[in-house]
């Protein structure tokens, strides 16, 4: 996982870096910079072009994700109408053609696959994810009812992870080999802890033994703490691993010495100057973190008996209710893509070198 | 007893990695007799843990005298103690014994998933880096698309399609983790392709095939060793997540995730049934991560 994440950072800089223009491009194919008198594209123009290309890429990925979802529904083993009927009735028997005809008409299965595909994609454009095999309701409705608790959980977990990570790294980075070893060990260990286990441990310690938190968290604010903490600790570990190296490198930079010479306190230097420079890798990770945290939420909701799309997903996987499964998966993929788009923009804003290099 | 069995094994593992991919005397474990560099304690701990896992895999009976499936209703839900180191479950089965014997199931799934994952990743990564432009662009796009699905979700999608079973867990986890590794391999090959030594080899007029086989492949494959180590641990964690959700390997298998899921029912009465299998999974994940990292560092030193 560590490697995956670092690989992501690598390919990010690798794939997203614009073709080396050397700062003085002769040709300007997009024409975005024509307006400027010097003949070189303005920074705003380049930013706009970069953004347009990224949005284009995001659209391709989204369409691809939707296609994967469609294919998954289409390749379900066995005759689809029979499968749907049996999923609904909880039986496994042959169906008469009349029974199947009704299902075929309801889901449009009598059309050739290409037509079904076009219909599916058209539906997605207007926010229609199809309808559940079992519950007879639109998937959008089922997900919509349960989306809010999951988003609240995910976002609080990410905020909490940032707080934990910043506090821990600021306290332990660049303070001698012994403290570094401890800091790194905690980072690695917390990044390696599986969500389900951490959840159960926290549940046992804080809810069952100490009784400070509710056992079944429901959707109350008090019940949010343990699930959010469960998601936040491993994430903080991951981000800590990425940040720590940069943090220690930044501590040796001339601007740190300058700040210290100005009489700035150690904590001030760390928070005002060093953190700002070393947070970039973690910012780059946050798109990935959103995806990882939402899928972690699937497990955590099950541990803490919390409502949310994770529960919906697990139930749907159990009953092979594919439209719900693919609906949730496509939605989360879309969130991931949008989050990464935002991260790219934020990254460019924080570090101008990304576009001018 | 465990110290007796681990000591010889540790040395075996230590020297075993030495002459392998790194091929230099700078391997940290090889410096045991000639202390050139201090051996980090995390590496020692990881090697000891690895030795335990290897023994549990090869000769589980050597680690636990208890039959993992022997029922003893009179000794149900006993806390960890002298006779049962890790306590017993609701049917009086010895938990330590079940964990030891469950190593096979867990590692088999981890290894299987890694094979699936690395297999897919090598093919896609190599195509994305080496194939002619239209193919490479298409594979790039595919990787980008697959990467948008978080591992667990991709795995759950496959479980929904294939139905929960051990084989499904293996395939699902393998496919779920493949996109990340494929991107990494792609970056690795591209890095080698753009490197100075490849440029030099091309400038010297060597044939494409020779450059590929002699220069690009070895340099792209070497880091894979570390990736495989990491991947096995991660796969086991993912597979046990599936088991925990009741969508992976079902009891009576002693796969660690299945043990955890079974123990969850008794969480109020028997903490050890969830805490201890979880600790073992974490230990394994940490072991593979640590070994993978050290391997990677050793390989990087070897490259210099």
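The values are calculated or read from the model by the stated rules, or taken from the named source; none is laboratory data. Values in this document were obtained by computation on a predicted structure and should not be read as measured data. In this analysis, Cβ positions are derived from the backbone assuming ideal geometry, glycine residues included, and neighbour counts consider all displayed protein chains.
Residues checked against (1) surrounded by 24 or more Cβ atoms within 10 Å (Cβ to Cβ); (2) closer than 13 Å to residue A:142 by Cβ; (3) at pLDDT below 90:
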site	(1), (2), (3)
A:283	no, no, yes
A:289	yes, no, yes
A:304	yes, no, yes
A:311	no, yes, yes
A:314	no, no, no
A:319	no, yes, yes
A:334	no, no, yes
Positions within the range B:266-297 being more than 7 Å from chain A (Cβ to nearest Cβ), out of contact with any strand residue (DSSP E or B) (no Cβ under 9 Å at 6 or more places or on another chain) and outside any helix (DSSP H, G or I), in sequence order: B:266, B:269
Checking the conditions here, which among B:125, B:112 is buried (at least 22 other Cβ atoms within 10 Å of the Cβ) and more than 9 Å from every other protein chain (Cβ to nearest Cβ)? B:125
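Scan the range B:192-211 and tell me whether some residue there is away from every other protein chain (no Cβ under 13 Å), under 30 Å from residue B:136 (Cα atoms), in a helix (DSSP H, G or I) and touching a residue at least 60 places away in the same chain (Cβ under 8 Å). Outline the logic, then answer.
Step one: of the range B:192-211, the residues away from every other protein chain (no Cβ under 13 Å) are B:192, B:195-211.
Next, only the ones that are under 30 Å from residue B:136 (Cα atoms) stay: B:192, B:195-211.
Then drop every residue that is not in a helix (DSSP H, G or I), which leaves B:192, B:196-203, B:208-211.
Adding the requirement that they be touching a residue at least 60 places away in the same chain (Cβ under 8 Å) leaves none.
Checked the range B:192-211: no residue is away from every other protein chain (no Cβ under 13 Å), under 30 Å from residue B:136 (Cα atoms), in a helix (DSSP H, G or I) and touching a residue at least 60 places away in the same chain (Cβ under 8 Å).
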Counting only residues in the range A:31-70 that are surrounded by 15 or more Cβ atoms within 10 Å (Cβ to Cβ) and in a loop (DSSP other than H, G, I, E, B), the one modelled with the highest pLDDT is identified as A:41
Scanning the range A:293-325 residue by residue, the ones that are in contact with a helix residue (DSSP H, G or I) (Cβ under 7 Å, 6 or more places away or on another chain) and assigned to a helix (DSSP H, G or I) total 23
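Here is a yes/no grid of residues against (1) within 30 Å of residue B:263 (Cα to Cα); (2) more than 16 Å from the chain's Cα centre (by Cα); (3) buried (at least 24 other Cβ atoms within 10 Å of the Cβ):
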{"position": "A:280", "(1), (2), (3)": "no, yes, no"}
{"position": "A:300", "(1), (2), (3)": "yes, no, yes"}
{"position": "A:325", "(1), (2), (3)": "yes, yes, yes"}
{"position": "A:340", "(1), (2), (3)": "no, no, yes"}
